[in-house]
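Enquirer: Let me give you the structure first, and then I'll get to my questions.
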Amino acid sequence: MVISTSKIHMQYKLKKSEEDVMRIVRDMLAYTRSLGVQDIELIAEDAGRADRRFLYQLVEEAIKGGATTVDFADTVGYKFPHEWAGFFQEARESIPGIDNVVLATHCHDDLGLATANTLAAVHAGARQVEVTINGIGERAGNASLEEVVMAIKCRGNDLLGGIYTGINTKHIFTTCKRVEELSGLPIQPNKSIVGRNAFVHASGIHQDGVLKHRGTYEIISPEDIGRPRPSNDGIVLGKLSGRHALQTKLSELGYELDDEKFKYVFWRFKALAEKKKDLCDSDIKSLLLEEKVAKASAKEAHQVHT
């Protein structure tokens with residue numbers, strides 16, 4: 001059951017007073033329980049902007065009336081993480097009977113803080129999180145399931161007292177891609193966890209680190225979410241790539257160059273990368289052919305001069 005709790009919502013949307021809203025909640029709960037329903041969730045819409053005195057009184061009445069889950073909604077994505085955590089902490093300390101219900105959080109992403117606020121609420125005692133696949137939702141969207149789940153999986157033990165979700169994370173990638181197909185809402189390439197570039201490394205210093213040890217720049221692996229590892233092990237050759245990445249690619253292609261040849265090929269590689277965003281295997285092979293042609297031409301010129 002949903003009821004608006006902020007002054008702006010009550011005045012302009014519901015056109016109801018605090019007393020009216022309190023009565024509506026009592027009536028809703030009484031009617032629902034009269035139907036034999038035992039598990040009742042009350043969602044306090046726009047709780048992030050509500051007057052806390054009124055909100056706490058409303059929640060206390062809801063608990064007395066039989067609510068088993070109380071969901072505080074940051075409906076317009078207004079709160080910062082430290083505020084939202086403090087809000088939950090204060091609610092737990094101020095509302096009689098709140099320890100007897102499940103606390104839930106419902107966050108929107110208007111300021112890009114939905115995932116952070118959700119995790120802040122969990123840290124402060126929320127044990128139900130309302131999320132959506134790919135963060136799809138009203139306006140800028142809701143807290144993203146894949147982000148919240150993987151954040152808890154990654155940091156739950158050391159920061160959240162061992163909290164876990166029980167979700168099989170190896171189904172995340174296929175689920176997110178399926179929702180993308182069915183909804184027609186494309187996943188941004190730079191979307192965390194499931195975006196096309198989430199496990200792709202383009203910067204030279206990043207590539208060098210990853211080639212030495214993946215943990216230098218990957219805190220989770222594609223396999224954790226059931227995602228195939230990107231081709232070329234996630235290394236994208238381009239203008240930001242360094243010597244280590246090119247040497248690794250040459251070795252994969254079966255070429256071993258001495259220092260002089262490699263310097264020439266690397267110089268040509270950087271020049272080509274300025275013109276072409278991403279270089280493929282055929283581009284690298286063409287650079288090797290250029291190196292052979294250049295060497296042959298130099299040898300012929302030397303013979304003619306002699």
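Okay, residues lined up against (1) within 30 Å of Leu160 (Cβ to Cβ); (2) surrounded by fewer than 15 Cβ atoms within 10 Å (Cβ to Cβ):
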residue: Glu18; (1), (2): no, no
residue: Met22; (1), (2): no, no
residue: Tyr31; (1), (2): no, yes
residue: Tyr56; (1), (2): yes, no
residue: Lys64; (1), (2): no, yes
residue: Trp84; (1), (2): yes, no
residue: Gly97; (1), (2): yes, yes
residue: Val101; (1), (2): yes, no
residue: Ala104; (1), (2): yes, no
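Enquirer: May I pose another question? Determine, yes or no, whether Gln38 is at negative phi, over 27 Å from the mean Cα position of the chain (by Cα) and outside any helix (DSSP H, G or I).
Expert: In short, yes.
The rows are residues; the columns are (1) more than 22 Å from Val70 (Cα to Cα); (2) of a type in the set (Phe, Trp, Tyr); (3) under 11 Å from the mean Cα position of the chain (by Cα).
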| position | (1), (2), (3) |
| --- | --- |
| Ala116 | no, no, yes |
| Ala120 | no, no, no |
| Ala124 | no, no, no |
| Val129 | no, no, no |
| Ile136 | yes, no, no |
| Arg139 | yes, no, no |
| Glu147 | yes, no, yes |
| Gly156 | yes, no, no |
| Leu160 | no, no, no |
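Enquirer: Just the residues that are hydroxyl-bearing (Ser, Thr, Tyr) and within 14 Å of Asp224 (Cα to Cα), please, taken from the stretch 133-184.
Expert: The answer is Thr169, Thr174, Thr175.
Enquirer: Another question, if that's okay. Would you be able to say whether some residue in the stretch 144-152 is in contact (Cβ under 8 Å) with a residue 60 or more places away in the chain, touching a strand residue (DSSP E or B) at 6+ places or on another chain (Cβ under 8 Å) and buried (at least 16 other Cβ atoms within 10 Å of the Cβ)? Step through it out loud before you land on a result.
Expert: So the first thing to find is which residues in the stretch 144-152 are in contact (Cβ under 8 Å) with a residue 60 or more places away in the chain, and the list is 146, 150.
Then drop every residue that is not touching a strand residue (DSSP E or B) at 6+ places or on another chain (Cβ under 8 Å), which leaves none.
So far as the stretch 144-152 goes, no, none of its residues is in contact (Cβ under 8 Å) with a residue 60 or more places away in the chain, touching a strand residue (DSSP E or B) at 6+ places or on another chain (Cβ under 8 Å) and buried (at least 16 other Cβ atoms within 10 Å of the Cβ).
Enquirer: Select from the stretch 186-204 the residues that are touching a residue at least 40 places away in the same chain (Cβ under 8 Å) and more than 12 Å from Val236 (Cα to Cα) and write down the one among them that is surrounded by the fewest Cβ atoms within 10 Å (Cβ to Cβ).
Expert: Of the residues in the stretch 186-204, the ones touching a residue at least 40 places away in the same chain (Cβ under 8 Å) are 187, 191-194, 204.
Among the residues that remain, those that are also more than 12 Å from Val236 (Cα to Cα) are: 187, 191-194.
Values: Ile187: 18, Lys191: 19, Ser192: 15, Ile193: 25, Val194: 26.
The extreme case among them is Ser192.
Enquirer: For residues in the stretch 176-185 being surrounded by 11 or more Cβ atoms within 10 Å (Cβ to Cβ) and farther than 19 Å from Thr115 by Cβ, which is farthest from the chain's Cα centre (by Cα)?
Expert: Among them, the one singled out is Ser183.
Enquirer: Which of (1) assigned to a loop (DSSP other than H, G, I, E, B); (2) not assigned by TED's automatic domain parsing to the domain that holds Ser17 does Val149 not meet, given it meets every other one?
Expert: (1)
Enquirer: Given the conditions (1) in contact with a Gly (Cβ under 9 Å, 6 or more places away or on another chain); (2) surrounded by fewer than 17 Cβ atoms within 10 Å (Cβ to Cβ); (3) assigned to a loop (DSSP other than H, G, I, E, B), report the number of the one that His171 does not fulfil.
Expert: If we test His171 against (1) in contact with a Gly (Cβ under 9 Å, 6 or more places away or on another chain); (2) surrounded by fewer than 17 Cβ atoms within 10 Å (Cβ to Cβ); (3) assigned to a loop (DSSP other than H, G, I, E, B), just (3) comes out false.
Enquirer: Same structure, new question: Take Leu288 and decide whether it is at pLDDT 75 or above, over 17 Å from Ser241 (Cα atoms), in contact with a helix residue (DSSP H, G or I) (Cβ under 9 Å, 6 or more places away or on another chain) and not small (Gly, Ala, Ser).
Expert: yes
The values are calculated or read from the model by the stated rules, or taken from the named source; none is laboratory data. These figures come from a predicted structure and were not determined experimentally. Because the Cβ atoms are built from the backbone with ideal geometry, glycine has one as well, and the counts that use them run over all protein chains shown.
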